[in-house]
Amino acid sequence: NDTSSVFNPMTYAFTPRDAVNNTYYLWVRARSRNGLATGATVSVDNGNALTLGCITDTAWNWYRYDACSQQAVKFMSLSLQSHNINITPANAKFELDRFMLTTNPNLIL
């Protein structure tokens, strides 16, 4: 989904497929519109918001860690039912190309 000109929260529905590995790691393919720091907050079902920040690259890159804190953006103990992931840009500089949720903590994109 192209949101390059939109500075609005984005909500996507998803259903986990794995009852055993119920920790999901978020990857986003994003960039900064003008090279100034940007990012987003991310939550599942309006729960605890996690930050994906300090994105300054103007080229599209995949991020799994908050570039500020180096903490993985992950959601634990997700049940096998429909959930909503909410991505809220920090400012109008944040551009999101796509995102992915995976149970594989070692995935390399």
| message | If the requirement is being at pLDDT below 90 and more than 17 Å from Pro105 (Cα to Cα), which of these qualifies: Ser32, Ser77, Ser43, Ser4? | response | Ser4
| task | Please state which of the following conditions Arg98 fails to meet, knowing it meets all the rest: (1) outside any strand (DSSP E or B); (2) modelled with pLDDT under 95; (3) surrounded by fewer than 14 Cβ atoms within 10 Å (Cβ to Cβ). | result | (1)
| query | When you go through (1) surrounded by 12 or more Cβ atoms within 10 Å (Cβ to Cβ); (2) on the phi > 0 side of the Ramachandran plot one by one for Ser77, which number turns out not to apply? | reply | (1)
| query | Looking at this structure, is Gln70 in contact with a Pro (Cβ under 9 Å, 6 or more places away or on another chain) and part of a loop (DSSP other than H, G, I, E, B)? | reply | no
| request: Residue by residue through the range 80-92, note down the ones that are open to solvent by 60 Å² or more (accessible area, probe 1.4 Å) and in a loop (DSSP other than H, G, I, E, B). | output: Leu80, Gln81, Ser82, Ala90
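The values are calculated or read from the model by the stated rules, or taken from the named source; none is laboratory data. Note that the coordinates shown come from a computational prediction; the quantities given were computed from them, not determined experimentally. Every residue, glycine as well, gets a Cβ built from its backbone with ideal geometry; the counts of neighbours run over all protein chains shown. Heads up: the accessible areas ignore ligands, DNA and RNA and are worked out on the full protein's heavy atoms, side chains in. Shrake-Rupley method; radii C 1.70, N 1.55, O 1.52, S 1.80 Å.
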